[in-house]
Amino acid sequence: MSEVQNNAELTQYQEINDLLSKNKHYKEGFVTTANVETFEKGLNETVVRAISAKKNEPQWMLDFRLKAFEHWKSLEEPHWAKAVYEPLDYQDYSYYSAPECSACGDACGTEAQQEGIDPEVAKAFAALGVPIEDENSNVAVDAIFDSISVSTTKREELAKLGIIFCSFSEAVQDYPELVQKYLGTVVPYHDNYFAALNSAVASDGTFVYIPEGVRSPIDLSTYFRINEAKTGQFERTILIADKGSYVSYLEGCSAPVRDTYQLHAAVVEVIVHEDAEVKYSTVQNWYPGDEDCEGGILNFVTKRGICEGKNSKLSWTQAETGSAITWKYPSCVLKGDNSIGEFYSVALTNRRQQADTGTKMIHIGKNTRSTIISKGLSAGKSDNTYRGMVKITPTAEGARNFTQCDSMLIGDQCGAHTFPYIEVENSTAQIEHEATTSRIGEDQLFYCQQRGISEQDAISMIVNGFCKEVFSELPLEFAQEAEELLAISLEGSVG
Amino acid sequence: MTTLSSSTWGNKPLAKKFAPVVKAAMEHYAQLTDDLNKITENPGLASLRETAKQQFLLQGFPTRRDEDWGYTKLTDFIQKPFRLEAGIHVTHNDIEAYLPDYPAVRIVMVDGWFSESLSDDLSGLPKGVTIESVCDVLETPELTDRVTHQEKQIEDEPFGVLNTMLLNDGYYLQVSRNVSMEMPIFVLHVQAQDHQVSNVRNRVLLEENAELTLVESFVSLNASESEFSGFTNVVTEIEVGQAARCKQVVLQALAPRSYYFNNQFIEQAENSVLNTLYAGIGGQTSRHQNHLKMNGKNIESSQNSACYAEDSQIMDSRTYTEHNEFNGVSRQLHKYVLSGQAVGVFDGMIKVAQAAQKTDGQMDNKNLLLSDSAQMDTKPKLEIYADDVKCSHGSATGQINRDQIFYLQARGIRKPQAIRMITEAFLLEPLETVSQPAIRDWLAGALSQKLNG
Amino acid sequence: MLLKVENLQAQIDEKQILKGLNIEVKPGEVHAIMGPNGSGKSTFANVLAGRDDYEVTEGNVEFDGEDLLEMDPEERARKGVFLAFQYPVEIPGVSNKLFMQTAVNAVREEKGLPALDMFDFDEYAQAKIDLLGMSADLLERSVNVGFSGGEKKRNDIFQMALLEPKLCILDETDSGLDIDALRVVANGVNALRSEARSFIVVTHYQRLLDYIKPDHVHVLFNGKIVKSGGFELVHELEENGYDNIIQQYLGE
Ligand SMILES: Nc1ncnc2c1ncn2[C@@H]1O[C@H](COP(=O)(O)OP(=O)(O)OP(=O)(O)O)[C@@H](O)[C@H]1O
Ligand SMILES: [Mg+2]
């Protein structure tokens, strides 16, 4: 059923080099030529069973997948977002691809990963600046390459504190009761089309559990890398912060330059208990495609967290610069009284990229609060949409929301859109929403230039100033990376 | 290989399945079309109605799953099929109370039919001002397109389709080039019979540099009968020519169980000014929609609404504003005061086309919830394709500001009165754009009376 | 000669504003330009700085032996042309400090000097703050955002001190200043005066000129310099207004 491919074909290299020279703006666009095991293209029940078997999964996990798959088949692909794409051919993707490690050959399960990382894969992560072998790094990293997690660092150190930080596949094996307790509770398998697909074919992802009263001393992070052409990545991440705990979790992504679309449909579930706090930061830099956004990543993601207990807090921060199409609404269900939800987002689109992103803040508990700060930047011929919902249910006495959506247009071929939905069912709630649209003023540019600053620098300075409120929420190194990404992504968009 | 293109998706006609009640209602209205068509002598009109009917039978009524109808429930409405019967006799006495207390040219429409006997004598209108009944216009088949100018757009709206199916009467109003109609034209739309459809199709045409003030008032004659229910379905096309100035005020004060749907399709030409205000206080379910296209340079527009809803009223006001040319300015302020289990809905879209550089668009929505079970749903949207624009929207929902109440109390005003004063001031703010004091006072009176009644 | 302007004509939106302006500025000189509202003073200042809303239709401008009109605005700035704006611009989110560090390093690069890192820059900025008697917290805020009118003007003078330009053009930097701020600005200008540095000061008032004593005073009217003289011309204007001079000019 599976087939081992060797990708080191000269012709392909040539093609890739050609593509790369067309895509100077995307520096993560190299391809790794490790030996990989890739399923044949196609999706049916046998494939779902095979994925499960490959990962040696218990029956309950297989049942979850099959149930989701059955449901997915009954759904229609959604096209309501502002993003326009032609229906995808789900049979034209491969649903499992993993680097074959030299240590254990074909029959490699998840257990043996630690010992043998394919040197090519290790090199790839090193080139991306992901510290999978650096003992002195101050973050713990789970590195995911196509369908599987290839390395998780610092786990012993974290284990001493009772923190579980491992790949999702391992968690299924090692902590089945925890996974079973939380899987699908925040994002049910029937939530939406892509969540159903993810539930059926989930590849790998990260599992984090922070026990009661523990503050994670270091940032935890996951780095996603899609390498194989025409594979989908369907990671599933679950993060649980038990009572009074704290964690800052970071997520970064990239993919090589390909000329066909790659599909990324992730599901993230976050559960925050009483008095706990989770900061979830993402820098998304998937390959956006060439000048016409041919061949970029289709990034259809469901991220949702629940503030289950009193005084809990969940904060989403994202810098989105990549992908041909992004469709993503990290949300907070504010169930516990006094719980707090935050969403800070910078989304930049250039060329023909399309981003439709925002958040949902569902207020259920008393005195719940939410803040939404969204900065959309459109350049080139792109479309950038904020779509968000603030819902105050009748029980949410004294709820408060503040929303600010600012858009900036760079050039006159792009679009910036704001679609907020505000539903208030409690009179004691207080909701404020503001949105503005602007561009970089001629007078601002001239002022900078008069002080000797080049136009390109002036633009990147003004743009970063525009995004500042969001970047200040990102961990330091991440903020820097995000600023650089903005500069790179904007290159050639002006003048 | 998948390719990106803006080829259309969605909106493909699916063979829909309808629940029995819905199906019955659909057949009922289709029958009304057939009845009308039996007696018409204008074949163009008959085929127009027939085409609309076919479309209606295919798509039915919108449901809450439709993006634009998620907040406006129609289930009650669908269960009450409304009739279309010849008008009953209404006297001057019946309508006296609803006429304005300021000088105006008065036109009366009873259950959707233009009433010549109740309207002012129109032969004395100033030169260059024409008012006719649409029914009369339609007697000349060649003139049919006078009132179906933007038909394609109209039929994008479910109630627009229904309006065309039942197209029979309304008013046609034209102000010629350089003519300023000083006196306001006041149109009283009366729901006279219970369970009756008032289907109204109007066309307002302002030629270059013309000026007009139009006031419309929607009332039910038997509002005191608590079960009285009428269904008013209006489509109005307004064309504001170059440098023309159009001021419009619409007061909707129908009986509490009545239904109101009003779609206004407005086109503005270069240098023109539009100022329209909707005041909503009546109806079980009401929905007032402006579809505004600003099609020339240097256009100004203002669209405001002031809505007060109580009990289980659903009050919906929507604007769709297209900036299509250079240097347009649009202003909007929509205010809602909600009590009881009322639901307020505001949906606004500002769309700025690529050619519309230097657009300045602003949309504000502010809502006051007076009771625990009132509900407000808001969607203020921007869709922007030009870079040199200033666009913003704001929305705020909450309770009365305590500091304000306290400030008034500290000046010796009792709390209930303080609350009334603040609420009233809140609701009346959008009226500031109405420039004629007499009209503004008349409107303010109607709103205050409702609010304090 | 530092600046030589010959028969400068410029227009905006097809409207002719400068109609043949001539002026020569030697190194170390201070020139004042006065003239009624709308006479073209800001236009002249902006044309020198390279604002592309204005179209130069005729004439030459030579700066330090080079053709100024051929240069981009930032090139002019790097070569030493500084404009203090009549209306300084706000740039939300960009800190004044980062902004000026970038600018200073751009000018240093032009001069072949190494870039200043954050510590060097802080030290450098502090020296200038002391020189001008400014409050240091303006540095931490976003460029001109929420600054009072006077603070914006002072900020521009501060930037001038940091960039050490060859030609400083001050467009009504004295408007809207209180007495103390006026003194700060004047002292700043005086402190920066040197043999190599020249000034063009656009103003409506004698007050600032009393402090900085210009070498030459010009009256601009209807896009042309209609009268030039020494400091005494300032007093004449203060007493009699522009009428006399304009009548005289129109009579000729
Ligand atoms: N964009 C424009 N379009 C048309 N006319 C313009 C434009 N900008 C400036 N002007 C005109 O150019 C003339 C000169 O303006 P300028 O700002 O140079 O005057 P000024 O001498 O600096 O005046 P003030 O003393 O008031 O600052 C004025 O008449 C002004 O109205
Ligand atoms: Mg000036």
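The values are calculated or read from the model by the stated rules, or taken from the named source; none is laboratory data. Because the structure is predicted, anything quoted here is derived from the model rather than measured. In this analysis, Cβ positions are derived from the backbone assuming ideal geometry, glycine residues included, and neighbour counts consider all displayed protein chains.
Do you know which residues across the range A:426-481 are part of a helix (DSSP H, G or I) and among the hydroxyl-bearing types (S, T, Y)?
A:Y447, A:S460, listed by residue number.
State whether one or more residues within the range C:222-236 are surrounded by fewer than 20 Cβ atoms within 10 Å (Cβ to Cβ), within 12 Å of ligand 1 (Cβ to nearest atom) and either under 16 Å from the mean Cα position of the chain (by Cα) or without any contact (Cβ under 8 Å) to a residue 12 or more places away in the chain (or both).
no
Could you give every pair whose Cβ atoms fall below 7 Å, whose first residue belongs to the range C:43-60 and is more than 17 Å from C:I225 (Cα to Cα), and whose second residue is more than 13 Å from ligand 2 (Cβ to nearest atom) and assigned to a loop (DSSP other than H, G, I, E, B), counting only separations of at least 6 or pairs across chains?
Cβ pairs passing all conditions: C:G50/C:M71; C:G50/C:D72.
Going by what's in this entry, would C:D171 be described as within 14 Å of chain A (Cβ to nearest Cβ), within 16 Å of ligand 1 (Cβ to nearest atom), at pLDDT below 90 and buried (at least 21 other Cβ atoms within 10 Å of the Cβ)?
No: the conditions fail for C:D171.
Which of the strands (runs of 3 or more DSSP E) found entirely inside the range B:36-139 contain at least 1 residues meeting this: acidic (D, E) and closer than 29 Å to B:V215 by Cβ?
Where strands (runs of 3 or more DSSP E) fall fully within the range B:36-139 and carry at least 1 residues being acidic (D, E) and closer than 29 Å to B:V215 by Cβ, they are B:129-133.
Residue check: is C:L162 modelled with pLDDT of 90 or more and outside any strand (DSSP E or B)?
Criteria met by C:L162.
From the list B:N271, B:N275, B:N304, exactly one residue is surrounded by fewer than 21 Cβ atoms within 10 Å (Cβ to Cβ) and either outside the structural domain of B:F228 (by TED's automatic domain parsing) or outside any strand (DSSP E or B) (or both). Which is it?
So the residue among B:N271, B:N275, B:N304 that is surrounded by fewer than 21 Cβ atoms within 10 Å (Cβ to Cβ) and either outside the structural domain of B:F228 (by TED's automatic domain parsing) or outside any strand (DSSP E or B) (or both) is B:N271.
Of the conditions (1) at pLDDT 95 or above; (2) touching a strand residue (DSSP E or B) at 6+ places or on another chain (Cβ under 7 Å), A:N367 clears all except one; give me its number.
Going through the list (1) at pLDDT 95 or above; (2) touching a strand residue (DSSP E or B) at 6+ places or on another chain (Cβ under 7 Å), A:N367 breaks only (2).
Could you look through the range C:198-230, keep only residues that are under 20 Å from C:F85 (Cα atoms) and touching a Pro at 6+ places or on another chain (Cβ under 7 Å), and pick out the one that is nearest to ligand 2 (Cβ to nearest atom)?
So the residue we want is C:V201.
Could you grab me the full set of residues in the range B:323-341 that are crowded, with 24+ Cβ neighbours inside 10 Å and of a type in the set (F, W, Y)?
Once the filter is applied, which keeps residues that are crowded, with 24+ Cβ neighbours inside 10 Å and of a type in the set (F, W, Y), the range B:323-341 yields only B:Y336.
Out of all the residues in the range A:309-330, which are surrounded by 24 or more Cβ atoms within 10 Å (Cβ to Cβ), farther than 16 Å from A:C405 by Cβ and at pLDDT 90 or above?
Correct list: A:S312, A:L314.
So for the range C:184-201 (the condition being under 10 Å from the mean Cα position of the chain (by Cα), within 16 Å of ligand 1 (Cβ to nearest atom) and away from chain A (no Cβ under 14 Å)), does at least one residue qualify?
So far as the range C:184-201 goes, yes, one or more of its residues are under 10 Å from the mean Cα position of the chain (by Cα), within 16 Å of ligand 1 (Cβ to nearest atom) and away from chain A (no Cβ under 14 Å).
Within the range A:67-124, which residues are modelled with pLDDT under 75 and within 14 Å of chain B (Cβ to nearest Cβ)?
Hits for the range A:67-124 are A:W80, A:A81, A:K82, A:A83, A:V84, A:Y85.
Residues being away from ligand 2 (no atom under 16 Å from the Cβ), aliphatic (A, V, I, L, M) and over 25 Å from C:A115 (Cβ atoms): count how many of those fall in the range C:39-89.
Residues flagged as away from ligand 2 (no atom under 16 Å from the Cβ), aliphatic (A, V, I, L, M) and over 25 Å from C:A115 (Cβ atoms) within the range C:39-89 amount to 4.
Are any residues in the range B:413-453 without any contact (Cβ under 8 Å) to a residue 24 or more places away in the chain and surrounded by 14 or more Cβ atoms within 10 Å (Cβ to Cβ), and if so, which ones?
Matches in the range B:413-453: B:I413, B:A418, B:I419, B:M421, B:I422, B:R440, B:D441, B:A444.
Report whether or not B:D403 is more than 30 Å from A:S438 (Cβ to Cβ), more than 9 Å from every other protein chain (Cβ to nearest Cβ) and out of contact with any Gly (no Cβ under 7 Å at 6 or more places or on another chain).
The answer is yes for B:D403.
State whether the residues of the range B:342-352 include one that is buried (at least 18 other Cβ atoms within 10 Å of the Cβ), basic (K, R) and over 21 Å from A:G415 (Cα atoms).
No, the range B:342-352 contains no residue that is buried (at least 18 other Cβ atoms within 10 Å of the Cβ), basic (K, R) and over 21 Å from A:G415 (Cα atoms).
If A:L409 passes every condition in (1) touching a His at 6+ places or on another chain (Cβ under 7 Å); (2) within 7 Å of another protein chain (Cβ to nearest Cβ); (3) of a type in the set (A, V, I, L, M) but one, which one does it miss?
Of the numbered conditions (1) touching a His at 6+ places or on another chain (Cβ under 7 Å); (2) within 7 Å of another protein chain (Cβ to nearest Cβ); (3) of a type in the set (A, V, I, L, M), the odd one out for A:L409 is (1).
Which is within 14 Å of chain C (Cβ to nearest Cβ), closer than 15 Å to A:A347 by Cα and of a type in the set (D, E), of A:E483, A:E442, A:E455?
A:E483
I need the full set of residues from the range C:143-168 which are within 12 Å of chain A (Cβ to nearest Cβ), over 20 Å from A:I462 (Cβ atoms) and among the charged types (D, E, K, R), in order please.
Within the range C:143-168, just C:E164 meets the criteria.
If you go through the range A:140-162 one residue at a time, how many are modelled with pLDDT under 75 and closer than 15 Å to A:I218 by Cα?
Total satisfying the criteria: 2.
Where in the range B:204-265 are there strands (runs of 3 or more DSSP E), lying wholly inside it, with at least 2 residues that are free of Cβ contacts under 8 Å to residues at least 40 places away in the same chain and charged (D, E, K, R)?
B:211-220
So which residues in the range C:20-38 are within 16 Å of ligand 2 (Cβ to nearest atom) and of a type in the set (V, I, T), if there are any at all?
C:I33
Among the numbered criteria (1) free of Cβ contacts under 8 Å to residues at least 12 places away in the same chain; (2) crowded, with 19+ Cβ neighbours inside 10 Å; (3) more than 9 Å from chain B (Cβ to nearest Cβ), which single criterion is violated by A:S427?
It fails just one condition, (3).
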